[in-house]
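*Asks:* Sharing a structure, written as structure tokens. Questions coming.
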Amino acid sequence: MTIQMRSLVVRHPLVPFRPAPDAAPRGGGVSRAARLLAAAAVAGALVAGLALPAVGGAGLAVITASDELNLSPADLVEPPLAEKSTVLDSRGNVIAQFYEEYREVVPLDRVADVMKTAIVSIEDDRFYEHGAIDVEGTVRALARNLSSGGVSQGGSSITQQYVKQVLLNSATTEKGKAKALEASYARKLNELRHAMAVEKKYTKDQILEKYLNIAYFGAGANGVQAAAKRFFGRSAARLTLWQAATLAAAVQSPNDTDPSRGAAYRKRLLERRDVVLNRMADLGKITPAEAAAAKKRKLGYRGTPLPGGCEASPYPYFCLYVRNEILTDPAFGKTPQARSRFLNRGGLTIHTTLDPKMQAAADRAIRKRVHASDNPVAAEALVQPGTGAIKAMAASRRYGSAERKNEISYNAVADVAHGGLIGFQAGSTFKTFTLITALKKGMKPDQGFTAGAGYRAPGYSAFKNCAGQSIGDPSHTVTNDEGSPGFKTLRTGTWASVNTFFVELEQRVGLCDTVRTAQSLGIRRADGKPLREFETFTLGINEMDPVTVASAYAAIGARGKYCRPMAITRITDRDGKDSVWRPRCRQALEPEVADATADILSGVFTRGTMSGVGGIGRDAAGKTGTTDAYATAWFAGFTPDLAGAVSLGDPRGSQKYKLTGVTIGGQYYGSVVGASIPGPIWKDTMLAALKGVPATSFHPIDRDRFSGCGDGCAPRRPTGERDGDRGGDRGGNENGNGQVEVVG
């Protein structure tokens, strides 16, 4: 047999070994002596830790089948290691981490010297002396394996172990991973060729650094830094002797010594740790006394919880929004798989818009009025006018999967695209879009008409959707629960939230035009389906989420400039390269129309449905919303500096579990309307969130354009009627025709 050693430099001679005395012959009639002679003959070629499988005649056939072994170096493709991505709030505080493998890559100078010594001592004590292969170690392993008839000892160098981990981490399929781990000569020879190239490319310290960062230590910790934190709650730079020996012990068989799996596993790890300490003493790296003292220490495993994931975040709903923003946006990868790798393996630093002060304000305001144990869920989103920046996302229930703790496993504040469900009907908050459409078409705030106690479409052609279809149903009557018929202007009809007034106003200005106004302000259903376009659109029959509604109202506060909701401001990749996200805005309304809308909606606090709650001591405007039969309740409001929307409903089914005869936040309610709970939550949030923020005033209404009442001036007012008379502020409850029964 001729073996050619190409590009291979053996710097250390073979050393004799002593086979086990009592090994019996195995397989194919090949004697133990023959196997050992074969091992000696081929050791020069099959070096660097060929931990052979059980061998016999077949094994020798494999060895002798080739006249030539090509051992020239082969370049190793080294994809970046999977690293955790970190999410920061607007002040730079960590609020979440995402990862496929929990790992923190650190340079070698941030690893304690004793850790380097421990890993080299037990895994490859001649690491700094040999080249790509360790002949002594390989022959020793070959002898032990051949004499035992199986694999009892490995001889892989640290360089070869690094190569193996790179190949394993590079595999994207289970088949590929199995191939990277298969017990074959072909794999070991391939590893050897790669190891030769690695040794040429890097210094020994560089190889050790790479190995320490790629190695799996068990308990979900990849790399020495993650392992040090997971096992002992400290950085790799601060490891002590006994801690370093423990981590060095773990890499040999991390699944069998995983301390998180129970007492038996911890016992095995402790025994292996003492083996490491003994080896360090034998090599003269520590004294016998130091080894003895270290062995007296308990294992010391702390099991520090792995960081990351939205369930562990203090702001889980905002975390879910960021996560889904990345996983669904093609800007972060062409395929779902690519986007997932980008987030979970990319080692990103994700800077966001979340303001911890405003988030705390929303959390406190909700906790004050709705308990986590309550079935109805309150949810609130805060959005900055003029940028679309989401400043806070809060909900009354904890995010998680523990049903016994009343946790919820979806995003209560956002739409389906960002981890939410179908949302809740928005009720009379949608009347604002009909109001805006009327102002766009030239109506004056003090212009109006007489609204009846009930409204019935004059014919099937009274309303047309945006497909041009007639959908007005003359058999369906819209009513006002508390009854407020009579002459109403845009102001008084809005303040009192009169259903019959708004349905007739929608008929006059056009259903489709009203729908398009809402769409221009970013309104779309939480479930992603097309908006339901019926005559009761203005009464809020569409299910919405707080982020979407808050963003629409923020546009009014920004004088008509709508900005798409934004949670991410900047992403820094593992190499320090920044990608910046800027607000995506457009002028959805004429500034004068937005100003007039704000002027009218500000009266909701002083003369309308929120007058019992009161304002916040600065310019503010908003609209309550309550759906039919008290199924859900809303409040959406804004200042020039901050907008917010609060929803309240039962996720078990708002039409089945209505907000009547309920105890919420420890207080009994016969019925809940927009001003009962959502309005006060919004007020408390704004008072705290805007504390210390200079107040910005609304822009004055354009008197030249919006003064007077045209041909809609009020008739002589009946005795006893006041501008602030309250109608219902309720939206709708769908019946079988997709319509709503309205009594408010």
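*Asks:* Which residue, of T450, T387, is of a type in the set (S, T, Y), under 24 Å from Q587 (Cα atoms) and open to solvent by 20 Å² or more (accessible area, probe 1.4 Å)? Before you say what the answer is, go through the steps one by one.
*Replies:* On the way: T450 fails: under 24 Å from Q587 (Cα atoms).
Only one candidate qualifies: T387.
*Asks:* Mind checking which residues of the range 342-351 are open to solvent by less than 10 Å² (accessible area, probe 1.4 Å) and either in a helix (DSSP H, G or I) or in contact with a helix residue (DSSP H, G or I) (Cβ under 6 Å, 6 or more places away or on another chain) (or both)?
*Replies:* L343 - this is the single residue of the range 342-351 that is open to solvent by less than 10 Å² (accessible area, probe 1.4 Å) and either in a helix (DSSP H, G or I) or in contact with a helix residue (DSSP H, G or I) (Cβ under 6 Å, 6 or more places away or on another chain) (or both).
*Asks:* Open to solvent by 50 Å² or more (accessible area, probe 1.4 Å), under 24 Å from G220 (Cα atoms) and part of a helix (DSSP H, G or I), is that true of R339?
*Replies:* Numbers: open to solvent by 50 Å² or more (accessible area, probe 1.4 Å): no; under 24 Å from G220 (Cα atoms): yes; part of a helix (DSSP H, G or I): yes.
No.
*Asks:* Of (1) farther than 22 Å from T353 by Cβ; (2) free of Cβ contacts under 8 Å to residues at least 24 places away in the same chain; (3) in a loop (DSSP other than H, G, I, E, B), G612 satisfies all except one. Which?
*Replies:* Here G612 meets the rest and fails (2).
*Asks:* Among the residues of the range 169-196, write down those that are aliphatic (A, V, I, L, M) and at pLDDT below 85. Steps first, answer last, please.
*Replies:* Taking the range 169-196 and keeping what is aliphatic (A, V, I, L, M), we get 171, 178, 180-181, 183, 186, 189, 192, 195-196.
Within the range 169-196, A171, A178, A180, L181, A183, A186, L189 meet the criteria.
*Asks:* Taking into account only those residues within the range 504-523 that are in a helix (DSSP H, G or I) and in contact with a Ser or Thr (Cβ under 6 Å, 6 or more places away or on another chain), which is most open to solvent (accessible area, probe 1.4 Å)? Step through it out loud before you land on a result.
*Replies:* Here is the first cut: in the range 504-523, the ones in a helix (DSSP H, G or I) are 504-509, 511-520.
Add one more test, that the residue is in contact with a Ser or Thr (Cβ under 6 Å, 6 or more places away or on another chain), and what stays is 505-506, 509, 513-514, 517.
Details: L505: 0, E506: 0, V509: 12, D513: 57, T514: 0, T517: 0 Å².
Within the range 504-523, the match that is most open to solvent (accessible area, probe 1.4 Å) is D513.
*Asks:* Does the range 357-375 include one or more residues that are assigned to a helix (DSSP H, G or I), under 21 Å from Y410 (Cβ atoms) and under 15 Å from the mean Cα position of the chain (by Cα)? Steps first, answer last, please.
*Replies:* Applying the first criterion (assigned to a helix (DSSP H, G or I)) to the range 357-375 yields 357-369.
Then keep just the ones that are under 21 Å from Y410 (Cβ atoms); that gives 359, 362-363, 366-367.
So of that shortlist, the ones also under 15 Å from the mean Cα position of the chain (by Cα) come out as none.
No: zero hits.
*Asks:* Do we find that Y216 is closer than 30 Å to G300 by Cβ, surrounded by 23 or more Cβ atoms within 10 Å (Cβ to Cβ) and among the hydroxyl-bearing types (S, T, Y) in this structure?
*Replies:* no
*Asks:* Is it the case, given these coordinates, that A293 is at pLDDT below 95 and either touching a His at 6+ places or on another chain (Cβ under 6 Å) or open to solvent by 30 Å² or more (accessible area, probe 1.4 Å) (or both)?
*Replies:* Taking the combined requirement at face value, the residue does not satisfy it.
*Asks:* What pairs can you find where one residue is in the range 294-308 and on the phi > 0 side of the Ramachandran plot, the other is in a loop (DSSP other than H, G, I, E, B) and open to solvent by 40 Å² or more (accessible area, probe 1.4 Å), and their Cβ atoms are less than 8 Å apart, with a gap of 6+ or different chains?
*Replies:* Pairs found: G308/Y99.
*Asks:* Which ranges mark the strands (runs of 3 or more DSSP E) fully within the range 386-496 that have 2 or more residues being out of contact with any helix residue (DSSP H, G or I) (no Cβ under 6 Å at 6 or more places or on another chain), among the polar types (S, T, N, Q) and under 28 Å from D650 (Cβ atoms)? If you could, list the steps in order and put the result at the bottom.
*Replies:* Numbers: elements: 390-395, 448-451, 454-456, 477-479, 486-489.
Output list reads 477-479.
*Asks:* Against the condition more than 21 Å from D545 (Cα to Cα), out of contact with any Lys or Arg (no Cβ under 7 Å at 6 or more places or on another chain), open to solvent by less than 30 Å² (accessible area, probe 1.4 Å) and of a type outside the set (V, I, T), how does N480 come out, does it pass? Give the steps one after another, and end with the answer.
*Replies:* Details: more than 21 Å from D545 (Cα to Cα): yes; out of contact with any Lys or Arg (no Cβ under 7 Å at 6 or more places or on another chain): yes; open to solvent by less than 30 Å² (accessible area, probe 1.4 Å): yes; of a type outside the set (V, I, T): yes.
Criteria met by N480.
*Asks:* For G653, work out the one condition from (1) in contact with a Cys (Cβ under 9 Å, 6 or more places away or on another chain); (2) in a loop (DSSP other than H, G, I, E, B); (3) open to solvent by less than 30 Å² (accessible area, probe 1.4 Å) it doesn't fulfil.
*Replies:* Condition not satisfied by G653: (1).
*Asks:* Separate question: From the list Q206, Q161, Q165, pick out the single residue that is among the polar types (S, T, N, Q), within 18 Å of D109 (Cα to Cα) and modelled with pLDDT of 80 or more.
*Replies:* Numbers: Q161 fails: within 18 Å of D109 (Cα to Cα); Q165 fails: within 18 Å of D109 (Cα to Cα).
When all the criteria are applied, what remains is Q206.
Yes/no matrix, rows are residues, columns are (1) of a type in the set (A, V, I, L, M, F, W, C); (2) more than 35 Å from the chain's Cα centre (by Cα); (3) more than 21 Å from T349 (Cβ to Cβ):
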{"residue": "S551", "(1), (2), (3)": "no, no, yes"}
{"residue": "G560", "(1), (2), (3)": "no, no, yes"}
{"residue": "R564", "(1), (2), (3)": "no, no, yes"}
{"residue": "T569", "(1), (2), (3)": "no, no, no"}
{"residue": "K577", "(1), (2), (3)": "no, no, no"}
{"residue": "L601", "(1), (2), (3)": "yes, yes, yes"}
{"residue": "F605", "(1), (2), (3)": "yes, yes, yes"}
{"residue": "S611", "(1), (2), (3)": "no, yes, yes"}
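*Asks:* Do we find a residue being farther than 22 Å from K295 by Cβ, assigned to a helix (DSSP H, G or I) and open to solvent by 50 Å² or more (accessible area, probe 1.4 Å) anywhere in the range 223-240?
*Replies:* Checked the range 223-240: at least one residue is farther than 22 Å from K295 by Cβ, assigned to a helix (DSSP H, G or I) and open to solvent by 50 Å² or more (accessible area, probe 1.4 Å).
*Asks:* Give the residue, chosen from K683, K691, that is open to solvent by 10 Å² or more (accessible area, probe 1.4 Å), at pLDDT 95 or above and assigned to a helix (DSSP H, G or I). Break it down into steps so the answer makes sense when it comes.
*Replies:* Working: K691 fails: assigned to a helix (DSSP H, G or I).
Criteria check complete, one pass: K683.
*Asks:* (1) open to solvent by less than 40 Å² (accessible area, probe 1.4 Å); (2) of a type in the set (A, V, I, L, M); (3) in a helix (DSSP H, G or I): which one isn't true of L648, the others all being true?
*Replies:* The single condition L648 does not satisfy is (3).
*Asks:* Separate question: Enumerate the strands (runs of 3 or more DSSP E) found wholly within the range 524-605, keeping only those where 1 or more residues are touching a residue at least 40 places away in the same chain (Cβ under 8 Å), open to solvent by 50 Å² or more (accessible area, probe 1.4 Å) and among the basic types (K, R).
*Replies:* On the way: elements: 561-563, 568-572, 578-580, 585-587.
Of the strands (runs of 3 or more DSSP E) lying wholly inside the range 524-605, those with at least 1 residues that are touching a residue at least 40 places away in the same chain (Cβ under 8 Å), open to solvent by 50 Å² or more (accessible area, probe 1.4 Å) and among the basic types (K, R) span 561-563, 568-572.
*Asks:* Only residues that are open to solvent by 10 Å² or more (accessible area, probe 1.4 Å), assigned to a helix (DSSP H, G or I) and in contact with a Gly (Cβ under 9 Å, 6 or more places away or on another chain): list them for the range 244-278, please.
*Replies:* Once the filter is applied, which keeps residues that are open to solvent by 10 Å² or more (accessible area, probe 1.4 Å), assigned to a helix (DSSP H, G or I) and in contact with a Gly (Cβ under 9 Å, 6 or more places away or on another chain), the range 244-278 yields S260, R261, Y265.
*Asks:* Name the residues in the range 430-480 that are farther than 21 Å from G712 by Cα, touching a Phe, Trp or Tyr at 6+ places or on another chain (Cβ under 6 Å) and among the β-branched types (V, I, T), would you?
*Replies:* I471, V478
*Asks:* In the range 112-126, what residues are surrounded by 22 or more Cβ atoms within 10 Å (Cβ to Cβ) and more than 14 Å from A245 (Cβ to Cβ)?
*Replies:* Restricting attention to the range 112-126, the residues satisfying the condition of being surrounded by 22 or more Cβ atoms within 10 Å (Cβ to Cβ) are 115, 118-119, 121-122, 124.
Across the range 112-126, the qualifying residue is only D124.
*Asks:* Would you check which residues across the range 656-680 are within 24 Å of E407 (Cβ to Cβ), of a type in the set (A, V, I, L, M) and not in a strand (DSSP E or B) and list them?
*Replies:* Within the range 656-680, L659, V672, I677 meet the criteria.
*Asks:* Among the listed residues A183, A197, which satisfies the condition of being surrounded by fewer than 22 Cβ atoms within 10 Å (Cβ to Cβ), in contact with a Pro (Cβ under 9 Å, 6 or more places away or on another chain), of a type in the set (A, V, I, L, M) and not in a helix (DSSP H, G or I)?
*Replies:* Step by step, each of A183, A197 is checked, and only A183 is surrounded by fewer than 22 Cβ atoms within 10 Å (Cβ to Cβ), in contact with a Pro (Cβ under 9 Å, 6 or more places away or on another chain), of a type in the set (A, V, I, L, M) and not in a helix (DSSP H, G or I).
*Asks:* Restricting attention to the range 313-327, which residues are surrounded by fewer than 22 Cβ atoms within 10 Å (Cβ to Cβ) and under 17 Å from R570 (Cα atoms)?
*Replies:* Within the range 313-327, N324, L327 qualify.
*Asks:* So for the range 377-390 (the condition being at pLDDT below 95 and touching a strand residue (DSSP E or B) at 6+ places or on another chain (Cβ under 6 Å)), does at least one residue qualify?
*Replies:* No, every residue in the range 377-390 fails to be at pLDDT below 95 and touching a strand residue (DSSP E or B) at 6+ places or on another chain (Cβ under 6 Å).
*Asks:* Considering only residues that are among the basic types (K, R) and open to solvent by 30 Å² or more (accessible area, probe 1.4 Å), look in the range 397-444 and name the one that is nearest to A633 (Cα to Cα). Step through it out loud before you land on a result.
*Replies:* Pass one, the range 397-444, residues among the basic types (K, R): 397-398, 404-405, 431, 440-441, 444.
If we keep only those that are open to solvent by 30 Å² or more (accessible area, probe 1.4 Å) too, we end up with 398, 404-405, 440-441, 444.
On the way: R398: 20, R404: 26, K405: 24, K440: 28, K441: 30, K444: 29 Å.
Checking each candidate, the answer is R398.
*Asks:* Would you say A629 is in a helix (DSSP H, G or I) and on the phi > 0 side of the Ramachandran plot? Before the answer, list the steps.
*Replies:* Values: in a helix (DSSP H, G or I): yes; on the phi > 0 side of the Ramachandran plot: yes.
So A629 fits the description; yes.
The values are calculated or read from the model by the stated rules, or taken from the named source; none is laboratory data. Note that the structure is predicted; figures quoted are calculated from it, not measured. Counting neighbours? That spans all protein chains shown, and the Cβs are built from the backbone with ideal geometry, glycine included. For the accessible areas, the whole protein counts, side chains as well, though only heavy atoms, and no ligand, DNA or RNA atoms are used. Shrake-Rupley method; radii C 1.70, N 1.55, O 1.52, S 1.80 Å.
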